[in-house]
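Data first, discussion second: the structure below is written as structure tokens.
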Amino acid sequence: MSEINIPVCFGVQGMICATVRDKFGNIKQQLEWFPNVITDAGLNSMATNSPHPQCHIGTGTATPAVTDSAYSNVAATATSVFSSTSGVTTTAPYYGYTTQTWRFAAGAGTGNLTDVWFGTATVPFSHALFKDSNGNPVTITKTAEDSLDVTYQRRVYVPTEDVVVPVTVNGVAAGSATIRAARCAESTYWSGSLAAISMSSNMWNYSGTLGAITGTPSGTVLSMSSANWTYVATTYVANSLSRTWNVTWGLTQGNNATGGFRSIVHTITGLGTFQVEFPATLNKVSTNVLTYSVTATWSRYAG
């Protein structure tokens, strides 16, 4: 019935802060939020894994690079997350985030510390030198009685520009579809999930046109579970930083006797939610098959 590729693009950023406390809980040293380098290996890992379950602190002084592919000069590793929260910003610039803290207790990582890594046991997702509020490298001094909390916040930024792509219906060019972010101020749909990037099993179709990036399309809404449509992921290609799913609504799926639909909303786990408006209302019935593909790409946030 319809052939269309729906491309959606997301920017990823990480921020770090750190606090040293003495044995009584008093703050001895505190570093406010500072950026880090997300590695090429880290961006690739988002396609298939939860990319940073561990924190590694060390004594390295080399400038972090996107090509960093192995840990070095590690003094201590925290393998368990001490605390975790997630949410969204409700004003521009919009992004969903997950904030994780790792605690290095007294006796762990004692000494002068200069850099920090986040990642799996073998693959670094990000790397940074500890920095002060002016962006200058600093040393964290941790005695045997001190504790150190290191916090990493991964952000997925909401794209603010519409994307327009051609649509084919029954083999005939049929105008263009418009793609736009959706529900960007709602944590359910933009929470910065740390799961591997995948297509969510839930989607919605609407009778009306696109809404604002904070909302959804207008008109009557029909929620569709995975029982109403199918999708197949293509194999991830290393360094492509993109995933594609081929979506099919079969003869018995997504039929709407109330006048058809004009727009749809999808969520991609690990990234965010978007809406698509077709050039005209699609009246899918039991003699039609609807096919399209969704391609999600991600990169370092450059805003």
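The values are calculated or read from the model by the stated rules, or taken from the named source; none is laboratory data. For clarity, every value in this text was computed on a predicted model and none was experimentally measured. Neighbour counts run over all protein chains shown; Cβ positions are idealised from the backbone, glycine included.
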Go through the stretch 249-289 and give me each residue that's within 30 Å of T98 (Cβ to Cβ) and among the small types (G, A, S).
-> S263, G270, G272
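Looking only at strands (runs of 3 or more DSSP E) that lie completely in the stretch 146-197, which have at least 3 residues being surrounded by fewer than 18 Cβ atoms within 10 Å (Cβ to Cβ)? Give the steps one after another, and end with the answer.
Numbers: elements: 147-157, 163-169, 172-181.
The qualifying strands (runs of 3 or more DSSP E) are 163-169, 172-181.
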Just a yes or no: is a residue in the stretch 283-293 hydrophobic (A, V, I, L, M, F, W, C) and on the phi > 0 side of the Ramachandran plot?
-> no
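State which residue is nearest to the chain's Cα centre (by Cα) when the search covers only the stretch 106-147 and only residues that are closer than 18 Å to P53 by Cβ and free of Cβ contacts under 8 Å to residues at least 60 places away in the same chain. Steps first, answer last, please.
Residues of the stretch 106-147 closer than 18 Å to P53 by Cβ: 108-109, 116-128.
Within this subset, residues satisfying the condition of being free of Cβ contacts under 8 Å to residues at least 60 places away in the same chain are 108-109, 122.
Working: A108: 31, G109: 30, T122: 21 Å.
For the stretch 106-147, the residue satisfying everything is T122.
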Say we look at the stretch 242-284 and pick out the residues that are out of contact with any Leu (no Cβ under 9 Å at 6 or more places or on another chain) and assigned to a loop (DSSP other than H, G, I, E, B); which of these is modelled with the highest pLDDT?
-> L271
Could you give me the residue pairs with C-beta distances under 9 Å whose first residue belongs to the stretch 228-239 and is without any contact (Cβ under 8 Å) to a residue 24 or more places away in the chain and assigned to a strand (DSSP E or B), whose second residue is surrounded by 12 or more Cβ atoms within 10 Å (Cβ to Cβ) and of a type in the set (A, V, I, L, M) wherever it lies, and which are 6+ apart or on separate chains?
-> T230/V247; V232/V247
In the stretch 90-145, anything assigned to a strand (DSSP E or B) and β-branched (V, I, T) is listed as T98, T99, T101, V116, I140, T141
Have a look at N44, N49 and point out the one that is in contact (Cβ under 8 Å) with a residue 40 or more places away in the chain, under 24 Å from C9 (Cα atoms), surrounded by 19 or more Cβ atoms within 10 Å (Cβ to Cβ) and not basic (K, R).
-> N44
